[in-house]
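The values are calculated or read from the model by the stated rules, or taken from the named source; none is laboratory data. All figures in this text were calculated on a predicted structure; none of them were measured in a lab. Methodologically, a virtual Cβ is constructed for each residue, glycine included, from the backbone with ideal geometry; neighbour enumeration extends over all protein chains shown. When the accessible area is computed, the model is the full protein with side chains, heavy atoms only, and any ligands, DNA or RNA have been set aside. Shrake-Rupley method; radii C 1.70, N 1.55, O 1.52, S 1.80 Å.
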Amino acid sequence: MPYKLLFVCLGNICRSPAAENIMNHLVAEKGLSDRIICDSAGTSSYHIGSSPDRRMSIAATQKLGISLKGRARQFQKSDFRDFDLILAMDKDNYANILSLDSSGQYGEKVQLMCDFCSRHTLKEVPDPYYGGTEGFNRVIDLLVDACEGLLNQVDSND
Ligand code: 4NP
């Protein structure tokens, strides 16, 4: 059975689709695409069905040469069952995800993305939506760091 990762932010158009696509890129480079599966979701319903934000896509293309694929969807309770690990971009996302765990049995599956960083000390991936280009570039740098740490951990666990 492949290991399933779900990246979660607020809108599912900036941070979490970038995380999903960066992780897929690193997973493919390591030849692990049949063993690790990535998806993303938002805690809100604001942008359901939308493509990734153009500013986020430009940053991903310029910095990493990758395009961002996918359409926004909202996090749903069945995701607790369907995924092995759920990565929240910030503490609000983390709290909003856990508020849907009425049984209280999935807490260990939910973790903060920045806990996997080794080069950056920020504890959250900042919401870039209302800011400028620099915020989107910073999200990419943070996510590469976190995704590398996450991949090392997942790869060493199975
Ligand atoms: P994301 O960014 O959570 O990284 O996808 C945002 C996207 C949309 C909004 C906020 C953050 N919004 O308020 O519509």
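Provide a single number: the residues in the stretch 94-115 that are surrounded by fewer than 14 Cβ atoms within 10 Å (Cβ to Cβ) and either in contact with a Leu (Cβ under 8 Å, 6 or more places away or on another chain) or of a type outside the set (A, V, I, L, M, F, W, C) (or both). Of the residues in that region, 8 qualify. For the stretch 113-143, a residue qualifies if it is away from the ligand (no atom under 16 Å from the Cβ) and part of a helix (DSSP H, G or I), and the qualifying residues are 115, 116. Between 118, 16, the distinction of being open to solvent by less than 70 Å² (accessible area, probe 1.4 Å) and of a type outside the set (D, E, K, R) belongs to 16 only. A Cβ distance below 6 Å, combined with a sequence gap of six or more or placement on separate chains, defines the contacts here; from the stretch 4-17, residues that are in contact (Cβ under 8 Å) with a residue 24 or more places away in the chain and within 13 Å of residue 125 (Cβ to Cβ) reach residues that are open to solvent by 10 Å² or more (accessible area, probe 1.4 Å) and part of a helix (DSSP H, G or I) in the pairs 7/20.
Being more than 16 Å from the chain's Cα centre (by Cα) and either on the phi < 0 side of the Ramachandran plot or at pLDDT 95 or above (or both) is a description that does not apply to residue 43. Checking each residue in the stretch 92-106 for being of a type outside the set (Val, Ile, Thr) and away from the ligand (no atom under 12 Å from the Cβ) picks out 94, 95, 98, 99, 100, 101, 102, 103, 104, 105, 106. None of 139, 154, 125 is surrounded by 15 or more Cβ atoms within 10 Å (Cβ to Cβ), touching a Pro at 6+ places or on another chain (Cβ under 6 Å) and not aromatic (Phe, Trp, Tyr) except 139.
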